[in-house]
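S.K.: Questions regarding the structure given below will be posed in turn.
The values are calculated or read from the model by the stated rules, or taken from the named source; none is laboratory data. Being a predicted model, the structure only gives us computed values, none of them experimental. Cβ coordinates were reconstructed from backbone atoms using ideal geometry, including for glycine residues, and neighbour counts include every protein chain displayed.
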Amino acid sequence: MQNKPRIYVAGHRGLVGSAIVRVLRARGHADIVTRTHDELELTDQGQVREFFRTERIDQVYLAAARVGGIHANNSYPAEFIYDNLMVQANVVHEAWRAGVHKLLFLGSSCIYPRMAAQPIREEYLMNGMLEPTNEPYAMAKIAGIKLCESYNRQYGTDYRSVMPTNLYGPGDNYHPENSHVIPALLLRFHEAKVNEAPEVAIWGSGKPMREFLYIDDMAAASVHVMDLTPEAYAASTEPMHSHINVGTGQDVTIADLARLVGQTVGYRGNIVFDASKPDGTPRKLLDVSKLAALGWRASTPLAEGLQRAYAAYLDARCEILNRENVASSPEWQVSTRTAHA
């Protein structure tokens with residue numbers, strides 16, 4: 001392996017992929033290959049095969065995925081299982097065909113049984129029923145783990161998997177219906193503050209407990225796992241249980257999280273909980289002792305991470321508003337018509 005490998009980050013515009021690119025560049029990696037969705041359709045095997053044939057990649061970070069919160073998972077189960085299965089199968093198989101020996105697959109903590117013992121250890125995988133609201137997505141991610149393990153067993157590749165807890169931070173999706181819990185709360189509380197709304201309603205009872213990891217910590221953990229020697233990685237995993245949990249080892253109730261987000265945003269109204277909406281898994285705390293033994297721990301406290309995430313949200317909001325203002329100006333409309341004449 002070269003000292004400075006040629007690295008492909010699949011999904012570089014997403015929450016995880018963009019953070020991995022930041023960490024890699026900060027560590028001196030200049031030969032980073034990226035492709036937008038328009039440039040490379042990862043569900044198309046022919047396009048993926050041609051990409052790997054021509055780009056001569058040494059390492060792959062497979063962060064591309066269709067992701068979303070409870071509403072999105074419930075509304076689009078077919079897209080969540082199909083798109084993720086196709087992306088994973090194409091990237092892993094074509095990477096192997098092109099001789100890529102080293103790959104890191106990024107999964108999700110939803111792979112574990114809904115009622116798994118807490119904290120959740122890696123060996124609890126497939127020991128019980130999944131959470132129904134995101135089962136298609138979870139099944140796809142389990143298949144991704146097994147895909148990597150199968151290629152390792154049959155072809156001697158070094159394809160590794162990390163399973164992060166709930167992630168948040170710069171680059172998040174702030175869609176009002178399809179986003180994850182923290183970006184959804186930031187959006188809701190910010191709008192409530194601006195509009196001076198007397199209360200904010202939160203889905204569910206507020207009792208479920210969740211663990212949250214700041215995205216730059218997740219990226220640092222991913223690079224740490226990728227950089228482990230094969231001996232160190234093999235000593236901490238098993239051929240049929242090769243994934244490693246990534247988290248903080250601490251969780252918080254959704255109610256307490258909502259209050260903390262409200263404080264971060266500066267919202268002073270009431271917070272109410274709609275128990276008619278689904279709660280999802282009662283608790284989902286990862287056991288991160290394996291990764292800690294390999295020399296890595298999360299470093300960003302939740303309160304600090306939320307401050308950074310809110311600042312990033314405000315920056316993203318300003319950028320969108322600026323684009324909308326420019327697009328509505330007569331000068332922009334004239335130049336656009338001229339460009340397309």
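S.K.: Please find, among Tyr151, Tyr159, the residue that is touching a Cys at 6+ places or on another chain (Cβ under 7 Å) and over 21 Å from His71 (Cβ atoms).
M.R.: Just one listed residue meets the conditions, Tyr159.
S.K.: Say we look at segment 97-109 and pick out the residues that are within 30 Å of Arg49 (Cβ to Cβ) and buried (at least 18 other Cβ atoms within 10 Å of the Cβ); which of these is farthest from the chain's Cα centre (by Cα)?
M.R.: First, the residues of segment 97-109 that are within 30 Å of Arg49 (Cβ to Cβ): 97-108.
Going one step further and asking which of them are buried (at least 18 other Cβ atoms within 10 Å of the Cβ), we end up with 100, 102-108.
Details: Val100: 23, Lys102: 20, Leu103: 17, Leu104: 13, Phe105: 11, Leu106: 8, Gly107: 8, Ser108: 7 Å.
Among residues in segment 97-109 that are within 30 Å of Arg49 (Cβ to Cβ) and buried (at least 18 other Cβ atoms within 10 Å of the Cβ), the one farthest from the chain's Cα centre (by Cα) is Val100.
Each row is one residue, and each column tells you yes or no for (1) in contact with a strand residue (DSSP E or B) (Cβ under 7 Å, 6 or more places away or on another chain); (2) small (Gly, Ala, Ser).
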{"site": "Arg6", "(1), (2)": "yes, no"}
{"site": "Ser18", "(1), (2)": "no, yes"}
{"site": "Arg22", "(1), (2)": "no, no"}
{"site": "Glu41", "(1), (2)": "no, no"}
{"site": "Glu55", "(1), (2)": "yes, no"}
{"site": "Ala64", "(1), (2)": "yes, yes"}
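S.K.: Quick one: how many residues across segment 265-286 are at pLDDT 95 or above, under 17 Å from Leu167 (Cα atoms) and either in contact with a Phe, Trp or Tyr (Cβ under 9 Å, 6 or more places away or on another chain) or loosely packed, with under 12 Cβ neighbours inside 10 Å (or both)?
M.R.: The total comes to 1.
S.K.: Additional query: Surrounded by fewer than 20 Cβ atoms within 10 Å (Cβ to Cβ), part of a strand (DSSP E or B) and among the aliphatic types (A, V, I, L, M): which single residue out of Ala201, Ala235, Ala255 fits that description? Quick ask: steps written out before the conclusion?
M.R.: Working: Ala235 fails: part of a strand (DSSP E or B); Ala255 fails: part of a strand (DSSP E or B).
On inspection, the qualifying residue turns out to be Ala201.
S.K.: With respect to Leu167, determine if the residue is crowded, with 22+ Cβ neighbours inside 10 Å and outside any helix (DSSP H, G or I). Give the derivation first.
M.R.: Numbers: crowded, with 22+ Cβ neighbours inside 10 Å: yes; outside any helix (DSSP H, G or I): yes.
Yes, satisfied.
S.K.: Going through Gly99, Gly68, Gly46 one at a time, which residue ends up being free of Cβ contacts under 8 Å to residues at least 40 places away in the same chain and assigned to a loop (DSSP other than H, G, I, E, B)? Spell out the reasoning first.
M.R.: Values: Gly68 fails: free of Cβ contacts under 8 Å to residues at least 40 places away in the same chain; Gly46 fails: assigned to a loop (DSSP other than H, G, I, E, B).
So the residue among Gly99, Gly68, Gly46 that is free of Cβ contacts under 8 Å to residues at least 40 places away in the same chain and assigned to a loop (DSSP other than H, G, I, E, B) is Gly99.
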